[in-house]
Amino acid sequence: MNEMVKMVVVLTVLSAAAGGVLAAVNKGTASQIKDQQLRFVKGPAIETILAGSSINPIENRFEIKEGDAEKSIFVGKFDGKANTIAFEEFGKGFGGDIGVMVGVNMDTDKLVGTAVTVHSETPGMGARAKDDPSFVSQFKGLPVANPVSVTKDGGQITAISGATITSRAVCAAVDKAMQAYQKMKPELQQEIKKVGK
Amino acid sequence: MTIDVDGESAQTVDESFKKVCQAPSLENARDFLAGLPGNPEFKVFFDTEKPVKAIVVLGVDDDLLSTTNQYFVKNNIIAVKTGIDLLCKIVGISSAILIVPQHLEQVAKSSGAIIKTVDSEYPSAQPELITRHILETYEDGQSKSKSGIAFFSAEAVCAIGAAYNTGKLPLEKTVTFVSKDGKKRLVSVPIGTPLQDILNEFNETLNDGDRVIYGGPMKGISVFSTEYPVQPDTDIIIIQDKGQITERNDTACINCGECVRVCPANIQINLLIRFLEAGQYEEAADLYDLYSCIECGFCSYVCESRIPIFQHIRLAKHTLDSMKAAEDTNA
Amino acid sequence: MHSTLKLTVSHAPFWHNGSSISSKSRNILLASLLAVIPGCYQYGFPAVGVVTMSIASAILWELLINFISRRPISVGDGNAALIGMMLAMMMPATTPWWAVVTGTFFAVVIGKEIFGGIGANPFNPAVLAMTILMLSWGALFDFNAALLNYSFDFKAVYPLVMSKSFGASAAGSFSLMNLLQGKQIGGIGSTCGIGLILGGVYLMIRGHIRWEISISFLVGIFAAALGFNWLNPELYAGPGFHLLTGYTLIGAFFLATEDSSSPVNFIPMLLYGLFGGVLTVMVRNIGAHIDGVLYAILIINLVNPLLDKIRPKAIGKGV
Amino acid sequence: MPKTLVQEFTKGLWQELPPFRLVLGLCPTLGVTTSMENGLGMGIATTFVLFGSNILISMLRSVIPSKVRIACFIIIIASFVTIVELLMQAYTYPLYLKLGVFIPLIVVNCILLGRAEAFACKNNVSSSMADGLGIGIGYTLALGSLGAIRELLGHGSVTVWGHLSYNLMSAFPSYHPFTFMVQAPGAFICLGLMLCLINAIGD
């Protein structure tokens, strides 16, 4: 009986202590981890879109509530004006969600660039959406007011050969981003002023 | 042809045997007749656990080149009949089964026994295969002595008949002698004759490195001295020149599968041999059918790696048997 | 006199049918020459170089490993030379020397000796080595690129690439007669259909390879190709094309029949070959790789121990 | 015969070199050693966990009831692994991405439980510390060397944390990277050959 009690006590104390320590470590590293994730997962995409920004877009980011989800908005500053933002949207691809980072110039309401962040498409087929810049560069300069789609669906984007589903998914993500941008625009203008200072 | 070694009749008259001839019985057969030509075995009749259900007389020979038993069926079917009748009487079984090759079926019919024929191709005349294929009574992978069937060679049966009828113990063993040039001669020699006497008779000379085999080419044993005597079960003596001997070696099994395809007992020899080479005899017996082997020697004959498979199998059985015997005495 | 006579004492049986590993190796090497000589004629001196390099390095690797592991020298049985020959037969004539030497290292040392030498290898050593080489240096073993500098009086495109990329119509542009005569590009000893078939038939008659495996392998390819062709005649080439291209014939007669990695009983042998043939066509038609023979053989090698469980009951065991 | 602290430490470097001598912890050994950097990173992470868990288990060895000792060991090891995982995410994110699932799998690495069961729960804190450190460093070196060989043969060059690289192609310009070595079957063959070599050298 005595041993039984000891077992229970030791295990409980040990588990509680472990839980406590882990919680502390988790709390202590949370912001750093978030930072790292943004830098290494979304960083490359943001850098291609907001290349030449005079401020670091990852450090100069803010969060906006859109519907239920909270969105991270990355801000780029060009020619002394913080007028370009980038944020991520998702589309349903062949092998799961495809993350697309979309950059918008707030002055002209035109896309400044798009880049794929995460995907699980077939290597050599759908994966070219990320590896081959000629596909995503088609989005550059399109106005946010017009919806985008692949030529097969009567749109203006030439799909990656052999990867129509992936191409559609990217288009859908960009489309979503455009709509979200239009919805969020007033809020964005509020927030971006703070960054511009 | 008869080789008369001592210059006088080799047949001796044993007074005490003469007495029991009046009343032939299993007991006196066991006591007096064990060393007859053809090596009759009477022990099986005294095994209380496995009563003998049938007597099988082999008018066939269990090794290549050997013709002793066929010779008796062909030339002396009367003596075979006499022997069978007598044997049946003392054992108390109504009739025996006589196994002959197909070409002797007509001759054998006059013996009055139940005739069964076997293929003349080796190794179908092995007692184990006869029990399985001809008599269809094979049981539990046991050896022939435990299956309730008593085997006698045709020669032994003739000798038994002759012994009781004449009161003399026959000692003349019929042997096929194969000389170096491959010539086969059927000779009759007294049991116990040393090899040298036979060699002298045929003007055969031996050199260093030659091989003398007692028994057939597949199952016999090679002897080390010319003094080696003729045994009751020596059906054949083969002299091989040094140059005719195939070398054996211990390269690994290459899994060609020839042995598996020739094995009359369906043993997976390619798997079995790996255990035997490693000395894992118990696994070999439990998992890879070691005791199904009927010891025909075919696997070694066809082995591409020239592994002495047959010898491995004999060694394994011998080792296991002696282990079992040791356990029994300890227990 | 009697006492000094030394007789040979040994154990039964005292006869042997005369077969041996070295005679088997010799015969298979001889049969393979029927395909290798036309190949050498077609590709000239580099092909001879690859063949000799491959055989020589295979023997040297075996010698080296015999020496390192302090075991008796086993090159005399001809198995190393045979492995070298098989490997060379699959290679294009332009294979560089270091790739050949690496190949024979993987075949002899990793494929065979590490498992305990002859008879212990779970895979066909030559196939294993060739697969490793192809995985590592795809460009060297892409026959179209490798044999670019040759000019032939026939279409110098690897037939399987054509059928893979352009479907059955492209495959139809190869005449079966040409393919059979070896008028196609490919490995040194794997293109000449007539030579391979003659060699295979010779070996089957002599009993050095098992006809059950070879024939069922070919039947498997034929049946599977026929099935695919029936399903979609525009996409999938017919059985004749599959039988005469790539490594099919060398696979059926020389690779799948390797003793140590193939079954020994009748039904398993048939299943083994059949499975290999069907897999080959499946890899070619719906897989990512151009030729499926090597992968199919590796897979059936793996399945072999399982197949060998199908066996007749030994006498005296059960019913 | 009690061993000195130095002996406890050095035994992990040769006599009980984890993947080769103890033949433990082979899953990460085969999985992550596609490059020297990955191997070393995994080794260091394991060393940290091993060091920490050995100390803690040794400290608590009189408290832990023997019936639930495995559960207690697992709690301790798992906590350290989670800490390492979080720290790696926070400070060496690219390495964390490359090692991926193998970091949480440190929990089931036999070396950790093996050392806890065979050593830490029977010895005092200082020798457990030396043992954990020695075994860990041995593991790191083994993984690093295996990774280095595979990377060198498979890529033709070795890169560690962006610099300190050796390029085989500069010495042998015609060397063609042997990509098989960085693929999964290459790991088995390379590990097998190294085991062979280490056994040949012996003690």
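Coordinate-derived values only; no laboratory data. As the structure is a computational prediction, the values presented were derived from the model and not from experiment. Every residue, glycine as well, gets a Cβ built from its backbone with ideal geometry; the counts of neighbours run over all protein chains shown.
To the nearest 10 degrees, how steeply does helix D:125-155 sit against the main Cα axis of chain D, on a 0 to 90 scale?
Tilt relative to chain D: about 20 degrees.
Cα gyration tensor of the stretch B:15-166, axes a ≥ b ≥ c as square roots of the eigenvalues: rounded (a/c below 1.5), prolate (a/b > b/c) or oblate?
It is oblate, given that a/c is not under 1.5 and a/b is not larger than b/c.
Taking the mean number of other Cβ atoms within 10 Å as a proxy for protection, how do you rank A:44-51, D:43-50 from highest to lowest?
Ranking the peptides A:44-51, D:43-50 by packing returns D:43-50, A:44-51.
Specify whether the C-alpha gyration tensor of the stretch B:172-244 places it in the rounded, prolate or oblate class, a ≥ b ≥ c being the square roots of the eigenvalues: rounded for a/c under 1.5, otherwise prolate if a/b is larger than b/c and oblate if not.
rounded
Return the whole-Å distance between the Cα centroid of the stretch A:27-92 and the Cα centroid of the stretch C:278-313.
51 Å
Mind listing which chymotrypsin sites (Phe, Trp or Tyr not before Pro) in the stretch A:21-128 are in a DSSP loop and have 16 or fewer other Cβ atoms within 10 Å?
none
Let me know the mean shielding of B:256-262 by other chains, meaning the per-residue number of their Cβ atoms within 10 Å of its Cβ.
Counting Cβ atoms of other protein chains within 10 Å of each residue's Cβ and averaging gives 6.
Based only on other Cβ atoms within 10 Å, what is the fewest-to-most ordering of C:Met89, C:Met177, C:Met162?
Arranged by neighbour count, lowest to highest, C:Met89, C:Met177, C:Met162 become C:Met177, C:Met162, C:Met89.
Mind listing the phi-derived Karplus ³J(HN,Hα) values for the stretch B:93-103, rounded to whole Hz, using 6.51, -1.76 and 1.60 with θ = phi - 60°, and x for any glycine or proline?
Residue by residue, the stretch B:93-103 yields 10, 5, 8, 9, 9, 10, 9, 9, x, 3, 6 Hz.
Looking at the P(r) of the protein assembly as shown, how many percent of alpha-carbon pairs lie beyond 39 Å?
65 percent
Given an 8 Å cut-off on Cα distances and at least 6 residues of separation, report the relative contact order of chain D as a percent.
36 percent
For the peptides B:159-172, B:38-51, what is the packing order when you average, over each peptide's residues, the other Cβ atoms within 10 Å and list the highest mean first?
B:159-172, B:38-51
Identify the GluC sites (Glu not before Pro) of the stretch B:181-273 meeting these criteria: DSSP loop state and at most 14 other C-beta atoms within 10 Å of the C-beta.
Within the stretch B:181-273, the qualifying GluC sites (Glu not before Pro) (loop, at most 14 other Cβ atoms within 10 Å) are B:Glu227, B:Glu247.
If I stretch the segment between D:Val101 and D:Ser165 completely, what's the gain in nm (0.36 nm per residue apart, minus their alpha carbon distance), one decimal?
Roughly 20.4 nm would be gained on extension.
Can you tell me the relative contact order of the stretch B:172-244? Whole percent, Cα pairs under 8 Å, sequence separation 6 or more.
Computed value for the stretch B:172-244: 41 percent relative contact order.
With Cβ to Cβ distances under 9 Å as the rule, what net charge do the other residues near A:Lys65 carry (K, R +1; D, E -1)?
Net charge around A:Lys65: -4.
Using a 10 Å cut-off on Cβ atoms, rank the peptides D:99-108, C:35-44, B:85-94 from the highest mean neighbour count down.
C:35-44, D:99-108, B:85-94
Could you list the trypsin sites (Lys or Arg not before Pro) in the stretch B:197-264 that lie in coil according to DSSP, counting only those with at most 11 other Cβ atoms within 10 Å of their Cβ?
none
Once both axes come from the Cα atoms, what is the angle between helix C:266-286 and the longest principal axis of chain C, in degrees from 0 to 90, rounded to 10?
30 degrees
Determine the distance separating the Cα centre of the stretch D:40-81 from the Cα centre of the stretch B:149-178; give it in Å without decimals.
Value for the Cα centre distance between the two parts: 83 Å.
Counting alpha carbon pairs within less than 8 Å and at least 6 residues apart, what relative contact order, in whole percent, applies to chain B?
Normalised by residue count, the contact order of chain B is 18 percent.
If you count, for every residue in B:299-306, the Cβ atoms of partner chains within 10 Å of its Cβ, what is the mean?
6
Please report the antiparallel percentage of DSSP beta bridges with both residues in the protein assembly as shown, rounded to the nearest 5.
Looking only at bridges with both residues in the protein assembly as shown, the antiparallel portion is about 70 percent.
From the Cα gyration tensor of chain B, with a ≥ b ≥ c the square roots of its eigenvalues, which class applies: rounded if a/c is under 1.5, or else prolate if a/b is larger than b/c, or else oblate?
Oblate, since a/c reaches 1.5 and b/c is not below a/b.
Would you mind counting up the charge near D:Phe180? Only other residues with Cβ under 15 Å from its Cβ, with Lys and Arg at +1 and Asp and Glu at -1.
0
Just report the Cα centroid separation between the stretch B:38-60 and the stretch C:26-52, whole Å.
What the calculation gives is 64 Å, centre to centre.
Per residue of D:85-91, count partner chain C-beta atoms within 10 Å of its C-beta, then hand back the mean as an integer.
Counting Cβ atoms of other protein chains within 10 Å of each residue's Cβ and averaging gives 6.
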